Structures are given as C-alpha cells and as structure tokens.
1. Could you give the length gained by full extension between residue 110 and residue 17, i.e. 0.36 nm per residue of separation minus their alpha carbon distance, to one decimal place?
2. Quick check for you: which residues of the range 25-42 have the amide N under 11 Å from the point 7 Å beyond the Cα of residue 4 toward its beta carbon?
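Computed from the coordinates by the stated procedures, all read-outs in this text should not be read as laboratory data. These numbers were taken from a predicted model, which means no experiment stands behind them. Here the Cβ is made from the backbone with ideal geometry for all residues, glycine too, and neighbour counts use every protein chain on show.
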C-alpha cells in the first residue's frame, strides 16, 4: 500500500495502519520502517475486535503459499518479533470507511499474504467520494 499512497490520495482516501503493539513499539517500528501515514497503536486490540479481524491457524500463517512471501520479505525487512502469540497470529484486514463512518469495503485476509487488491480499494474510494 505504501507504493500506492499517491493513487489512494487522488481517489479521495488516506491511509492509516493500526497495530496491536504499544505506542513505544509503534515508535520503534516507525524508526525502522518510516511511512508517511499514521501508525496507530492498539495494544488492547479494541479495533481488531470491533472490526472482527480474525486470527489465523498454522496453515494461514506458515503454509506453503506463504513461504515465498516470507523468503522475499525477510531480507528486505528483517523479522520483527510479535507482541505475543495471539498478535503473531492476526491476519490482515483492510477497510474503506467513508467520512460518515460507514464501512464501504471490508477485506478479511484468508492468509498473511492475502491483501486487498489495490484496484478494489481505489474503486471503493472513488464510489465513496462520488456519493459524499
């Protein structure tokens, strides 16, 4: 998503990342991986629970489909330890929320490498912008 930030902004959206770590862990992460959008700390996992982002099983997290993705990511990004086992098992979720707070698009990943296609994200953003 980092690479698509300009296109997301042009479509009327903005990015925010919600992590389950503490504010100190979020600050440390930003030192390692700077980003132009906010990284919000959710140590109590209230946002995860409110949006029903699920935890994965062993196959979702470490199945054969993920091996290539992990092999490519580790040299680029290193390995960041998870806060706890529950946090390590969280699967990604992506949401388009309009200005009134309505969820326009919700994508619940089926594995750690299942990300919302950018074209779907942009279409939902344009639709929300056209209706506001």
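1. Details: separation 93, 0.36 × 93 = 33.48 nm, distance 1.88 nm.
Gain on stretching residue 110 to residue 17: 31.6 nm.
2. It comes to no residues whatsoever.
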